[in-house]
Amino acid sequence: MRPSVLQVNNFHYVRGGSDKYFFDLTRLLLERGHATKTFASQHDQDILNGWKVGDLPHGVNTSEAGGIQNLVHFLYSIEARRKLEAGLSSFAPDIAHLHIYYGQLTSSVLSPLHKRGIPVVQTLHEYKTVCATHGLYSQGRFCDRCHGHAYWHAVIEQCNRGSVPRSALSAIEGYLATAMGDKSKVDRFIAVSEYQRDQLVRLGMPSEKLSVVHHFTQPIAVPPSVVGDYFLYVGRMVKEKGVPVLLRAYASLAQPRPKLVLVGEGIDTGLFKHEVEQAGLKNDVVFTGHQEGLGLTELYRNCLCVINPSLLNETFGLTALEAQAMGRPVIASRIGALPEVVRDNETGMLVEPGSDEALATAMESMRCNSVGIVQMGLAGWTSVKQNFSKAAHYEKINAIYHELL
């Protein structure tokens, strides 16, 4: 039996790693013969609309300009609940698989599923179940003060973009989720790394409801034997991803140095472009904006190595995995789950998070060792084939579905 599945996510276009996984998993289930539909909020950038079930709710304006009129919809979307109820009349899945839903669809989508007795699986791409602002990160450091539903700490620390109103909204969201028993309406939570699972259990999540299923990716047929000619960063353009650290480390490299290519978008893009210009690096640093598909694949294939300088307690490290699938080594922060993906001095190099000097040293070492780059790239490619394959991922996900039926 192949269970029918409803995939639920805030967005029906790729904004980040969680959205990419939402699409990748949907494709995988369809390939394996599962009747699969999707439910998400509606936006102009939506793709693959043929997958959607029913009439979808409109997206919520989460900018400051959205104002008070969006407050209730941000916390609990009656429209999303009603439209999911209608969608379930035309597609009654055996399993509902949730991804990130707060702030757009909201926890209102849990009620129709719970009412119909549809087993609910949720992949936890972040730490939202134990942290008001989802990152276990505040004021430039690790933070778990929301432990025990103490979400008021987010307001004191202004954890959401340094804004009291935004942080208060995040805290209210956390208290509302607790009051409505959101966690009890999910039958199985999926952590995407052992590190994430350990943190969630430590902060009060029930271990018996948690499984670990790493992300997957498809490696290229043959890893490259030629070294690329630029450093590559792929990710959100925000401070907490360590981009300022990367820019400072890059500026300290001896000339002539390889170019630095930055792929992605985010609220700090303008700031980073200004810093590049002020540092006299305009001719050396390239901002490509968002990339996906063949364009992103080619950027991975032709780089010297990929750099993930994150300051966050990463739940996984999908860009590091994608780089290794393309036969490229990775320099990553020794933080969160990144060491589960990148093996130090085997598939890449791990450095102290936030250290310009440590990162610059690793970058110098990498660019001066073409033989090592190829060897690490091959080791990473092999690791992906052995440990993060599509087939292995499907077996684990399908087993969880069957356990709940």
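Got at least one residue in the range 199-207 being at pLDDT 95 or above, of a type in the set (S, T, N, Q) and touching a helix residue (DSSP H, G or I) at 6+ places or on another chain (Cβ under 8 Å)?
yes
Residues in the range 341-355: is at least one modelled with pLDDT of 95 or more, in contact with a Gly (Cβ under 6 Å, 6 or more places away or on another chain) and part of a loop (DSSP other than H, G, I, E, B)?
Within the range 341-355, one or more residues are modelled with pLDDT of 95 or more, in contact with a Gly (Cβ under 6 Å, 6 or more places away or on another chain) and part of a loop (DSSP other than H, G, I, E, B).
From the list ARG236, ARG197, which one is outside the structural domain of MET376 (by TED's automatic domain parsing), under 30 Å from GLY148 (Cβ atoms) and among the basic types (Lys, Arg)? I'd like the intermediate steps shown before the answer.
Values: ARG236 fails: outside the structural domain of MET376 (by TED's automatic domain parsing).
One residue alone meets the criteria, ARG197.
Which of the strands (runs of 3 or more DSSP E) contained wholly in the range 212-295 include at least 3 residues that are touching a strand residue (DSSP E or B) at 6+ places or on another chain (Cβ under 6 Å) and among the aromatic types (Phe, Trp, Tyr)? It would help to see each step written out before you state the result.
On the way: elements: 230-234, 259-263, 285-289.
Of the strands (runs of 3 or more DSSP E) lying wholly inside the range 212-295, those with at least 3 residues that are touching a strand residue (DSSP E or B) at 6+ places or on another chain (Cβ under 6 Å) and among the aromatic types (Phe, Trp, Tyr) span 230-234.
Anything in the range 40-58 that is small (Gly, Ala, Ser), assigned to a loop (DSSP other than H, G, I, E, B) and farther than 14 Å from PHE22 by Cα? List them, or say none.
Let us first name the residues in the range 40-58 that are small (Gly, Ala, Ser), namely 40-41, 50, 54.
Among the residues that remain, those that are also assigned to a loop (DSSP other than H, G, I, E, B) are: 40-41, 54.
GLY54, the sole residue that qualifies.
In this structure, does GLY293 turn out to be under 25 Å from GLY380 (Cα atoms) and either among the aromatic types (Phe, Trp, Tyr) or in contact with a Pro (Cβ under 7 Å, 6 or more places away or on another chain) (or both)? Lay out the reasoning, then the answer.
On the way: under 25 Å from GLY380 (Cα atoms): yes; either among the aromatic types (Phe, Trp, Tyr) or in contact with a Pro (Cβ under 7 Å, 6 or more places away or on another chain) (or both): no.
No: the conditions fail for GLY293.
When residues of the range 117-144 are filtered for being under 18 Å from THR38 (Cβ atoms) and more than 17 Å from the chain's Cα centre (by Cα), how many remain? Outline the logic, then answer.
Let us first name the residues in the range 117-144 that are under 18 Å from THR38 (Cβ atoms), namely 118-123, 125.
Still in the running and more than 17 Å from the chain's Cα centre (by Cα): 118-121.
The number of residues fulfilling the criteria is 4.
Collect the residues in the range 160-172 that are in contact with a Phe, Trp or Tyr (Cβ under 8 Å, 6 or more places away or on another chain) and either exposed (fewer than 15 other Cβ atoms within 10 Å of the Cβ) or within 20 Å of LYS239 (Cβ to Cβ) (or both), keeping them in residue-number order.
Residue satisfying the conditions is SER170 alone.
Out of all the residues in the range 322-333, is one or more buried (at least 24 other Cβ atoms within 10 Å of the Cβ), at positive phi and at pLDDT 95 or above?
yes
Has the range 346-354 got at least one residue that is among the polar types (S, T, N, Q) and either within 20 Å of the chain's Cα centre (by Cα) or within 23 Å of SER252 (Cβ to Cβ) (or both)?
Checked against the condition, which is being among the polar types (S, T, N, Q) and either within 20 Å of the chain's Cα centre (by Cα) or within 23 Å of SER252 (Cβ to Cβ) (or both), the range 346-354 yields no hits at all.
Restricting attention to the range 48-64, does a residue exist that is crowded, with 21+ Cβ neighbours inside 10 Å, touching a helix residue (DSSP H, G or I) at 6+ places or on another chain (Cβ under 8 Å) and at pLDDT 90 or above?
Yes, because at least one residue in the range 48-64 is crowded, with 21+ Cβ neighbours inside 10 Å, touching a helix residue (DSSP H, G or I) at 6+ places or on another chain (Cβ under 8 Å) and at pLDDT 90 or above.
Please specify each residue of the range 322-356 satisfying the condition of being in contact with a strand residue (DSSP E or B) (Cβ under 9 Å, 6 or more places away or on another chain), under 18 Å from PHE231 (Cα atoms) and of a type in the set (A, V, I, L, M).
Scanning the range 322-356 gives ALA323, MET326, VAL330, ILE331, ALA332, VAL342, MET349, LEU350, VAL351.
Being among the β-branched types (Val, Ile, Thr) and surrounded by 14 or more Cβ atoms within 10 Å (Cβ to Cβ) is the filter here, so list the residues in the range 141-159 that pass it.
So the first thing to find is which residues in the range 141-159 are among the β-branched types (Val, Ile, Thr), and the list is 155-156.
Scanning the range 141-159 gives a single hit, VAL155.
Does ARG82 satisfy being part of a helix (DSSP H, G or I), more than 20 Å from the chain's Cα centre (by Cα) and surrounded by fewer than 17 Cβ atoms within 10 Å (Cβ to Cβ)? Outline the logic, then answer.
Working: part of a helix (DSSP H, G or I): yes; more than 20 Å from the chain's Cα centre (by Cα): yes; surrounded by fewer than 17 Cβ atoms within 10 Å (Cβ to Cβ): yes.
Criteria met by ARG82.
Scan the range 378-391 for residues that are out of contact with any Ser or Thr (no Cβ under 8 Å at 6 or more places or on another chain), among the small types (Gly, Ala, Ser) and surrounded by 14 or more Cβ atoms within 10 Å (Cβ to Cβ) and report the count.
Here the count works out to 1.
Identify, please: which residue in the range 177-198 is of a type outside the set (Gly, Ala, Ser) and surrounded by fewer than 15 Cβ atoms within 10 Å (Cβ to Cβ) and is, among those, modelled with the lowest pLDDT?
Filtering the range 177-198 for residues of a type outside the set (Gly, Ala, Ser) gives 178, 180, 182-183, 185-190, 192, 194-198.
Filter once more, keeping what is surrounded by fewer than 15 Cβ atoms within 10 Å (Cβ to Cβ): 178, 194.
Values: THR178: 90, GLU194: 97.
Residue satisfying both the conditions and the ranking: THR178.
Taking GLN104 as the residue in question, decide whether it is touching a Phe, Trp or Tyr at 6+ places or on another chain (Cβ under 8 Å) and in a loop (DSSP other than H, G, I, E, B).
Details: touching a Phe, Trp or Tyr at 6+ places or on another chain (Cβ under 8 Å): yes; in a loop (DSSP other than H, G, I, E, B): yes.
In short, yes.
Under 6 Å by Cβ, and 6 or more places apart or on different chains, what pairs join a residue from the range 371-395 that is within 19 Å of GLY228 (Cα to Cα) and assigned to a helix (DSSP H, G or I) with one that is small (Gly, Ala, Ser) and modelled with pLDDT of 95 or more?
Qualifying pairs under 6 Å: MET376/GLY348; GLY377/GLY327; TRP381/GLY327.
The values are calculated or read from the model by the stated rules, or taken from the named source; none is laboratory data. Fair warning: this is a prediction, and the values are worked out from it, not measured in the lab. Don't worry about glycine lacking a Cβ; one is built from the backbone with ideal geometry, like all the others, and counts go over all protein chains shown.
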